[in-house]
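All remarks here apply to the structure that follows.
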Amino acid sequence: MNVYLDYSATTPIKPEVLEAMMPFLTQQYGNPSSLHSFGRESRKAVDNARDQIAKTLNASPDEIFFTGGGSEADNWAIKGTAYALKSKGRHIITTAIEHHAVLHACEYLEKEGFQVTYLPVDENGLISLDDLKNAIKSDTILISVMYANNEIGTIQPIEEIGRIAREHRVLFHTDAVQAYGHLEMDTKNLPVDMISISAHKLYGPKGVGALYLRKGVRIHNLIHGGGQEKKKRAGTENIAGIVGFGKAAELAYIDVETHDQRLTALRDDLKNQLMEAIPYTRLNGHPERRLCNNVNLSFEFIEGESMLLSLDMVGIGASSGSACTSGSLDPSHVLLAIGLSHEIAHGSLRLTLGDMTTQEEIDYVVKQLPPIVQRLRDMSPLYEQVKEGNR
Ligand SMILES: *Cc1c(COP(=O)(O)O)cnc(C)c1O
């Protein structure tokens, strides 16, 4: 059996999405900037996708700007704001658990003379609103807090954070790449100025994303060149990708509630069964304020990489507590930020569910994983001591 439980890393393209994309990979190849019928067809397709995405955010289409993915949207929001407002201030507030697209953009700006405050999180992965208020200074120009975390699934109080940002007249960006498609976002009511989203996390193609940029918010460009995207993001549009993104977004928001209920039930079943079957296990992330598709567990006395390899051998694709960029064995900055020791962080497993996940797949994992953990523990000298009652 092959079981994919790594939907937070990426998702497969839905058949309806591929079907919408196909014409733009074959016979409809016009450049949207061209003044002929070939170009007009492509222009119409891009406009339609922009409408589809705007609808899901209750935004105006002219507030949606397509990018080459979530990472670009994050970089654009952060660097674009920094460069636009640097005469006003050079202080940025973010969190210790952001995706590297945000963290590394901020670290880059630090080298350019900006100051960055990295807010800590509690054991559930939540920031403190008091910490946020205390961090705001007269020269703070941007707050960037992710909507939901990609490793532990914790959902931040975005509305409250936005209100604080507004009170202090500071721009607010949220990396919603994981939350988009799972949670309702109404930009008419949500005090957020910029939102990053990405197609491949919600059954669309890789390499296409968007930045929601609230009307009136001015940031500098990141990509210079032609006049595409209302002169804000140069480059001939990835038409097929954009069309796929629009379709995927539309499909995701047809019935979020049913989607949420189904995945929540499967997620809780998986989590409960595994925690029951495997002693010395803890759940990472907030017990309630978490994404409907995320289970993140730490198993004491084992090492995540060996667990992943063993799971892979029985056809299960998951993710560990190491920095997600393969090759690195450093424990994840997110797990360390919620207070896990290096040892425990190393024994962590992220299972993320999706639309194609079935109860049979959950049952299969519940059958396969406990003996794998047991076998690895049997090789651990630490676990030996526990068994002998020396702990
Ligand atoms: C995947 C992800 C990104 C990066 O998006 P890409 O489209 O892969 O560049 C950014 N932030 C979060 C929270 C993510 O999960």
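The values are calculated or read from the model by the stated rules, or taken from the named source; none is laboratory data. Bear in mind the structure is a predicted one, so any value in this text is a computation, not a measurement. Here the Cβ positions follow ideal geometry from the backbone for every residue, glycine too, while neighbour counts run over all protein chains shown.
When residue 304 is tested against the conditions (1) surrounded by 15 or more Cβ atoms within 10 Å (Cβ to Cβ); (2) under 26 Å from residue 264 (Cα atoms); (3) at pLDDT 95 or above, the lone failure is (3). On the basis of being farther than 22 Å from residue 360 by Cα and in a loop (DSSP other than H, G, I, E, B), does residue 18 make the cut? No; evaluated as a whole, the condition is false for this residue. Beta carbons closer than 8 Å, at least 6 apart along the sequence or on distinct chains, pair a first residue in the stretch 189-209 that is free of Cβ contacts under 8 Å to residues at least 40 places away in the same chain with a second that is more than 8 Å from the ligand (Cβ to nearest atom) and of a type in the set (Lys, Arg) for 191/163; 191/166; 192/214; 193/214. The residue that is surrounded by the fewest Cβ atoms within 10 Å (Cβ to Cβ), among those in the stretch 112-125 that are away from the ligand (no atom under 16 Å from the Cβ) and not in a strand (DSSP E or B), is 113. Screening the stretch 80-95 for residues that are among the hydroxyl-bearing types (Ser, Thr, Tyr) and either within 12 Å of the ligand (Cβ to nearest atom) or part of a helix (DSSP H, G or I) (or both) and picking the one that is nearest to residue 196 (Cα to Cα) gives 81.
Exactly one residue out of 215, 231 is surrounded by fewer than 24 Cβ atoms within 10 Å (Cβ to Cβ), free of Cβ contacts under 8 Å to residues at least 24 places away in the same chain and assigned by TED's automatic domain parsing to the domain that holds residue 93: that is 231. Go through the stretch 137-178 and give me each residue that's within 18 Å of residue 63 (Cβ to Cβ) and under 11 Å from the mean Cα position of the chain (by Cα). Matches in the stretch 137-178: 147, 174, 175, 176, 177. Residue 24 fulfils the conditions (1) away from the ligand (no atom under 16 Å from the Cβ); (2) over 18 Å from residue 193 (Cβ atoms); (3) in the same structural domain as residue 227 (by TED's automatic domain parsing); (4) surrounded by fewer than 21 Cβ atoms within 10 Å (Cβ to Cβ) except for a single criterion, (4). Annotation note: of 73, 54, the sole residue that is part of a helix (DSSP H, G or I), without any contact (Cβ under 8 Å) to a residue 60 or more places away in the chain, crowded, with 19+ Cβ neighbours inside 10 Å and touching a Ser or Thr at 6+ places or on another chain (Cβ under 8 Å) is 54.
Among the residues of the stretch 167-188, just one is in contact (Cβ under 8 Å) with a residue 12 or more places away in the chain and among the basic types (Lys, Arg), namely 188.
Let's see how each residue does on (1) within 15 Å of the ligand (Cβ to nearest atom); (2) part of a loop (DSSP other than H, G, I, E, B); (3) at pLDDT 95 or above; (4) within 19 Å of the chain's Cα centre (by Cα):
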| site | (1), (2), (3), (4) |
| --- | --- |
| 78 | yes, no, yes, yes |
| 97 | yes, yes, yes, yes |
| 104 | yes, no, yes, yes |
| 133 | no, no, yes, no |
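Against the conditions (1) more than 16 Å from the ligand (Cβ to nearest atom); (2) under 29 Å from residue 357 (Cα atoms); (3) under 24 Å from the mean Cα position of the chain (by Cα), residue 109 satisfies every one except (2). Counting only residues that are small (Gly, Ala, Ser) and either surrounded by fewer than 23 Cβ atoms within 10 Å (Cβ to Cβ) or out of contact with any helix residue (DSSP H, G or I) (no Cβ under 8 Å at 6 or more places or on another chain) (or both), the stretch 177-212 holds 2 of them.
When 215, 206, 271 are checked against the criterion of being away from the ligand (no atom under 13 Å from the Cβ), part of a loop (DSSP other than H, G, I, E, B) and of a type outside the set (Phe, Trp, Tyr), a single residue qualifies: 215. A count restricted to the stretch 234-257 and to residues that are surrounded by 14 or more Cβ atoms within 10 Å (Cβ to Cβ) and either under 22 Å from the mean Cα position of the chain (by Cα) or not assigned by TED's automatic domain parsing to the domain that holds residue 194 (or both) stands at 15.
The residues of the stretch 180-214 that are among the basic types (Lys, Arg) and in contact with a strand residue (DSSP E or B) (Cβ under 9 Å, 6 or more places away or on another chain), listed by number, are 201, 206, 214. For the stretch 361-391, filtering for residues that are without any contact (Cβ under 8 Å) to a residue 60 or more places away in the chain and touching a helix residue (DSSP H, G or I) at 6+ places or on another chain (Cβ under 8 Å) leaves 2.
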